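Heads up, the thing below is written out as structure tokens.
The values are calculated or read from the model by the stated rules, or taken from the named source; none is laboratory data. Values in this document were obtained by computation on a predicted structure and should not be read as measured data. Every residue, glycine as well, gets a Cβ built from its backbone with ideal geometry; the counts of neighbours run over all protein chains shown.
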Amino acid sequence: MTTRLFGEPVQRREDPRLLTGQGRYLDDLGRDALAAAFVRSPHAHARIRDIDVGPALDVEGLVAVYTWEDLPERVGRPLPLLIPHPALTHGRTAYPLARDVVRHVGEPVVMVVAADRYAAEDACALIEVDYEPLKPVVGLEESVQGAQLVHEDVPGNVGAHLVQEVAGADGRGAREAIETAPHTLAFRLDIERSASMPLEGRGVYARWDGRDLRVYSSTQTSTSVRMAVAAALELPLPQVEVIAPDVGGGFGVKIVHPWPEEVLVPWAAMTLGREIKWTEDRREHFVSSAHERGQVQYVRAGFDDDGRVLGLDVTILHDHGAYTPYGIIVPIVTSTQLLGPYRIGAYRVEFSAVYTNTVQVTPYRGAGRPQGVFCMERTMDKIAGYLGKDRTEVRAANFIGPDEFPYDQGMTFQDGRPLIYDSGNYPEMLRMVKELIGWDSFERRPGRGIGIGCYVEGTGVGPYEGGHVQVTSDGRVHVSTGLTSQGQGHETAFAQIAATELGVPIERVSVVTGDTRRFGYAVGTFASRAAVVSGNAIALACRKVRAKALRIAAGALEADPSDLEITDGMVHVVGAPSASIPLSTVAVLANPLRYAFDDEAAKATQFSGTSSPDRPPVAEGEEPGLEGRDYYSPIRSTFASGMHAAIVETDPDTAEITVVRYAVVHDCGRLVNPMIVEGQIHGGVAQGIGGALYERMVYDVHGQLVNASFMDFLMPYATEVPRVETAHLETPSPLNPLGIKGAGEAGVIPVSAVIASAIEDAEGFPIDRMPISPSELFDLRSRMR
Amino acid sequence: MKPPPFEYHAPRDLGQALSTLAEVRGKVLAGGQSLIPMLNMRLAAPEHLVDINRVPELAVMEAAPDGVRIGAAVRHAEVERAGVHPLLVRALKLVAHPVIRNRGTVVGSLAHADPAAELPAVLAVLGGSVRLARAGAPERDVGAAEFFVGPMESAVQEGELAVSAYFPALGPRTGGAFEEVTRRHGDYALAGVCAVVTLGEDGAIEAARLACIGVGPVPVVVDVTGSPDDAARIVSERTEPDGDVHASAAYRRHLVGVLAERALRNATREAQARGA
Amino acid sequence: MEHEITLVVNGTARRVTVPARRLLSDCLRHDLGLTGTHVGCEHGVCGCCTVLLDGRPVRSCLTFAVSVDGAELTTVEGLSSGGRLSPVQRAFAECHGLQCGFCTPGFLCTVTALLEENPAPTEEEVLEGISGNLCRCTGYQNIVKAVHRAAELLAEEA
């Protein structure tokens, strides 16, 4: 049996429990807990005149009702602005419960605690809130006019404004380069809102035993929720533990923290001395969890006869919704990742992040990249159209060459570090995707088109993750890391890494994520970073354990550590398999004992003769136990890349759009588990198809989200998603020990660009606005013909 | 999203069902696939629910050569599996998803009277009827033309129960078709057309009727016997679609014309096959 | 008013007292502790809560517990027997047909019934069969593969 598991399509270790109903998601816990529910604002913008909870007080099962005025000072403060940025001059966050003014439909106003959710909702329905409606600001155009303000003290509704400029090799700025370019194009692009929409909503369950607080949250970051809760409730950090149980999807929305409920539910649990649980329902999720994507982009490009971009000037209006708790990460990512695999002569990008009376905007899988890629790839297609060239030829003319890495784009990335691509091979990737889709042999005809989209994705951002690895005397390997899992198969991928590093069968490895009792230092799961950052940290921790195991085994086998290796859980002398000692015994020897609680332990007790009486039982510089902890802190991000191509058909009569084929070539460096990576790509593409053809958040002029249900927010079913054909390119990252790059978000990033490209090809007129429905395609046809 | 409280009644026979309804004026619970979402969202809060799932008289489906009568507790899936009425079965396959059809009822879909639902179009194009019963009064049959009153509004009065629906069978040399466009498979139609065509002995069209959905407050029945080649224009003119988040009015108007042509063509083809 | 009802769940008769408005999904999860059945939308679209009612898949969030008094129910907890995964469950693992696992119980119940009725479905029949279940993670490709694989496994074991 081989212990080389890195790179193998190992079946997932999560699956047996998830397939039998033994998973433990948030709402599966705390069967006896009280239930919380919220009265949420029905208005997009209003002043709260009065709240009358009286009518609710007779509801059977009611336990408590809280408004903002009931909260202690520390709990009632505005929620933290998690990622400050100098350009975010007017960052604003919400109060956990609305104070005086509500700024979007769905903002929590009153918290109700009752015996069960039915009773809690009964009480919510009876609470009367007297609102003075204010004029809402809906849509980017209305926001930038600034006639009405979302926040009285934010002039023009502008939360942030940032200009970044990278001069060309000749020192000229983008605008100058465009002025003097042989050809120029100017156009506007629109992308509408969508949302992460995990099938499990958010949820919080808290219990307080009079001294310690335990919080379960359906979150993408348990360690940071822990710190935020401890700070808000003024508890010493060691008295708070936060656990992310099985999480039913995240896709970005669960990285935001603390959500109001993550502060309020633990606070109420402490106040009432009762276990309390809040499980978000679908309607709440639509109007109180975050959205993303909405942008308008004004683009100017100057280029030469070969289609090489000499100057690119992009102005972005970014709809941030009512608050900016996650800073301006999304528009920063759009601005910086827009450049993709291209070397652009000179680049200027400017964005304004503006407030509207809608649900706040925070990252959703791709986190601003789909918008940036849409911009760049539409630009490439337009240049090709203008010059009458093949679209792939124009892209190839702009590619960064395989020998140009590391390639410095000259900008500052979302982690505050330089945007330097570590590795990649874009011409080869283009060749592969063209071959996969049959680009050169494609037969174009009206109603049938082919499209392409390329992207580069900064993955694996810092600051760090850690891993702890412990080998116990039964030979089992216990791995823990602080970041959380939402379906990415971390228990499997990390076990593969540990099994490979330690030379043990994967069956003996178990992995725990997202539990602050097991590992307290972590950042979280987002930005396609888990495999890169935690994966490498676990590998490094394993290497420490391995070194220690070899040291101890060398003593026992009277060999030199450098002559030893570990295979299948046995430490043995290279080339002499009989001179061996099981890792379990090494673990026993690593922990000198006084008490023999079992037969294995007896081998390590003080009269067993395993240690020399001349030396301390634990050697100087050593610690008891066969365990190790290490951290991986990347100097900067690794840059994965991909190219997608699709063939679509449009019905000449009904304008229905069908994706006939969809091809993906993807490079995330070395693959830990190709089956899992493919699964991530499939899922990403499906979300991309949703964003391109089906999903949008439709607000009316009053700021009501008019399609806030699964009936009308059209997430694709199996019948709407094309089969995805994949191929992999592996250019290892030189930045980390395992040579890996992230893969989590990749699939979703270029899809809108690819589908727009293909529809444009089929229809013969520009597609500058996504998503697109049959009705919109019909309307476009009517206007174009 | 939990339903508000209500009092629950589970009558064991039709008499009990009718007397309960007369007494409490409650809402009827059959399959619940449209009612329970509304309750969960608290868009409706009836004080009484009368569950007719245990009324044996309503769980009956009677197929005869001239048509099929379907009781109020008969599920979509049962009719589908029985295959008693080809056009109805074709329409049923377009109703939501198989799992919903395992619980939803045919009569419930009619009484719900969603203007974009498929089954009302079938009833309308066939000139079928719904039988209504009330305690202490004779049953009455209401023809499709009178049954659909407006969006989500049928002729069922308070205290009344829709006990069955009657779908006439297609006659000789008669074919049917159902064409629709939905956003996702199984969604309500953006527009849809149910067509029935009867051919004469000579193969010429003797009768051609269309029922259009998603383009008006109720299924819009259009007789195009005289000018089948002009069907698209005629239905586009006769219908008054609204725009919503999924489609503009103009698109729906265009679409219903396209679908009318397709449905007519397919129904004619089927009539030819059945005449051969 | 409370109602005393009996549900035969995964072969065991369970007696439980519920208010009329208790959704079957909540009854299974919270009254009977069978939390494998998940709740994703509570308006019948996502399919996470799908269970087998007298052998046929239905939405437990669109069913009142009191309304199915006396019925036989199978939930995801009842699909495997004697600690051995069912062919459908094994196929989902083998084909990587799940990621976060939240929608999975609904798919498993739906597919189990689908293959019982149609042991060798075509690609189109598989798509139609699972068309009422949303998955936000997998993009369905591996779920479709798993359904075909489950059909193979069932045929091998028949």
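Below are the figures for this structure:
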read-out: Output for the stretch A:646-661, where each listed residue is crowded, with 24+ Cβ neighbours inside 10 Å, more than 10 Å from every other protein chain (Cβ to nearest Cβ) and not β-branched (Val, Ile, Thr); value: A:Ala646
read-out: Residue list for the stretch A:561-611, filter: charged (D, E, K, R) and within 42 Å of the chain's Cα centre (by Cα); value: A:Glu565, A:Asp568
read-out: Exclusive hit being in contact (Cβ under 8 Å) with a residue 40 or more places away in the chain and surrounded by fewer than 21 Cβ atoms within 10 Å (Cβ to Cβ), set A:Arg293, A:Arg308, A:Arg282, A:Arg226; value: A:Arg308
read-out: Number of positions in the stretch C:46-77 that are assigned to a helix (DSSP H, G or I) and hydroxyl-bearing (Ser, Thr, Tyr); value: 2
read-out: Lone unmet requirement of (1) within 14 Å of chain C (Cβ to nearest Cβ); (2) basic (Lys, Arg); (3) within 18 Å of A:Val75 (Cα to Cα) for A:Arg207; value: (1)
read-out: Helices (runs of 4 or more DSSP H) wholly inside the stretch B:70-141 containing at least 3 residues that are under 24 Å from C:Pro57 (Cβ atoms); value: B:76-82, B:86-92, B:98-101, B:106-112
read-out: Residues of the stretch C:63-88 satisfying the condition of being of a type outside the set (Lys, Arg), without any contact (Cβ under 8 Å) to a residue 60 or more places away in the chain and out of contact with any Cys (no Cβ under 8 Å at 6 or more places or on another chain); value: C:Thr63, C:Phe64, C:Ser67, C:Ser80, C:Ser81, C:Gly82, C:Gly83, C:Leu85, C:Ser86
read-out: Residue tally, condition aliphatic (A, V, I, L, M), part of a loop (DSSP other than H, G, I, E, B) and surrounded by fewer than 23 Cβ atoms within 10 Å (Cβ to Cβ), over the stretch C:80-117; value: 1
read-out: Criterion violated by A:Ser143 - all others in (1) more than 14 Å from chain B (Cβ to nearest Cβ); (2) outside any helix (DSSP H, G or I); (3) surrounded by 19 or more Cβ atoms within 10 Å (Cβ to Cβ); (4) touching a Phe, Trp or Tyr at 6+ places or on another chain (Cβ under 9 Å) satisfied; value: (2)
read-out: Condition met for C:His43 (assigned to a helix (DSSP H, G or I), facing chain A (nearest Cβ under 8 Å) and without any contact (Cβ under 8 Å) to a residue 24 or more places away in the chain); value: no
read-out: Pairs, first within 13 Å of chain C (Cβ to nearest Cβ) in the stretch B:44-65, second β-branched (Val, Ile, Thr) and outside any strand (DSSP E or B), C-beta under 9 Å, six or more apart; value: B:Glu47/B:Val24; B:His48/B:Thr20; B:His48/B:Val24; B:Val50/B:Thr20; B:Val50/B:Val24; B:Asp51/C:Val66; B:Asn53/C:Val68
read-out: So C:Leu134, is it within 12 Å of chain B (Cβ to nearest Cβ), under 26 Å from A:Gly683 (Cα atoms) and modelled with pLDDT of 95 or more; value: yes
read-out: Residue tally, condition farther than 24 Å from B:His9 by Cβ and more than 10 Å from chain A (Cβ to nearest Cβ), over the stretch C:15-40; value: 1
read-out: Filter result (within 20 Å of B:Gly104 (Cβ to Cβ) and among the charged types (D, E, K, R)) within the stretch B:1-47; value: B:Lys27
read-out: Residue match in the stretch A:148-159 (condition: in contact with an Asp or Glu (Cβ under 6 Å, 6 or more places away or on another chain), touching a residue at least 24 places away in the same chain (Cβ under 8 Å) and outside any loop (DSSP other than H, G, I, E, B)); value: no
read-out: When residues of the stretch A:10-66 are limited to those that are outside any strand (DSSP E or B) and closer than 19 Å to A:Tyr95 by Cβ, the one nearest to the other protein chains (Cβ to nearest Cβ); value: A:Pro42
read-out: Residue tally, condition of a type in the set (Asp, Glu) and away from every other protein chain (no Cβ under 14 Å), over the stretch A:764-785; value: 1
read-out: Selected residue (only one of A:Glu763, A:Glu725 is closer than 30 Å to A:Asp422 by Cα, in contact (Cβ under 8 Å) with a residue 40 or more places away in the chain, of a type in the set (Asp, Glu) and surrounded by fewer than 23 Cβ atoms within 10 Å (Cβ to Cβ)); value: A:Glu725
read-out: Criterion violated by A:Thr654 - all others in (1) touching a helix residue (DSSP H, G or I) at 6+ places or on another chain (Cβ under 7 Å); (2) in a strand (DSSP E or B) satisfied; value: (2)
read-out: Check on B:Val215, more than 22 Å from the chain's Cα centre (by Cα), within 30 Å of A:Arg696 (Cβ to Cβ), in a loop (DSSP other than H, G, I, E, B) and among the hydrophobic types (A, V, I, L, M, F, W, C); value: no
read-out: Residue count, the stretch A:327-366 (criterion: hydrophobic (A, V, I, L, M, F, W, C) and under 16 Å from A:Gly416 (Cα atoms)); value: 5
read-out: Per-region count, the stretch A:117-140, residues surrounded by 19 or more Cβ atoms within 10 Å (Cβ to Cβ) and under 26 Å from C:Arg29 (Cβ atoms); value: 8
read-out: Residues located in the stretch C:89-105, provided they are touching a residue at least 60 places away in the same chain (Cβ under 8 Å), among the hydrophobic types (A, V, I, L, M, F, W, C) and within 7 Å of another protein chain (Cβ to nearest Cβ); value: C:Phe102, C:Cys103
read-out: Among (1) among the hydrophobic types (A, V, I, L, M, F, W, C); (2) buried (at least 17 other Cβ atoms within 10 Å of the Cβ); (3) over 28 Å from A:Gly250 (Cβ atoms) - the single one A:Ala367 does not satisfy; value: (3)
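Residues checked against (1) within 30 Å of A:Gly747 (Cα to Cα); (2) surrounded by fewer than 17 Cβ atoms within 10 Å (Cβ to Cβ); (3) at pLDDT 95 or above:
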position	(1), (2), (3)
A:Arg529	yes, no, no
A:Leu540	yes, no, yes
A:Arg546	no, no, yes
A:Pro577	no, yes, no
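For (1) in contact (Cβ under 8 Å) with a residue 12 or more places away in the chain; (2) within 30 Å of A:Leu199 (Cβ to Cβ); (3) in a strand (DSSP E or B), each residue gets a yes or a no:
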| site | (1), (2), (3) |
| --- | --- |
| A:Thr392 | yes, no, no |
| A:Ala396 | yes, no, no |
| A:Leu419 | yes, no, yes |
| A:Gly424 | yes, no, no |
| A:Leu436 | yes, no, no |
| A:Ile450 | yes, no, yes |
| A:Gln470 | yes, no, yes |
| A:Gly487 | yes, yes, no |
| A:Ala493 | yes, yes, no |
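A quick yes/no check of all residues on (1) assigned to a helix (DSSP H, G or I); (2) among the β-branched types (Val, Ile, Thr); (3) outside the structural domain of A:Met770 (by TED's automatic domain parsing); (4) touching an Asp or Glu at 6+ places or on another chain (Cβ under 8 Å):
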residue: A:Glu622; (1), (2), (3), (4): no, no, yes, no
residue: A:Gly628; (1), (2), (3), (4): no, no, yes, no
residue: A:Ala640; (1), (2), (3), (4): no, no, no, yes
residue: A:Ile647; (1), (2), (3), (4): no, yes, no, no
residue: A:Val659; (1), (2), (3), (4): no, yes, no, no
residue: A:Ile676; (1), (2), (3), (4): yes, yes, no, no
residue: A:Gly679; (1), (2), (3), (4): yes, no, no, no
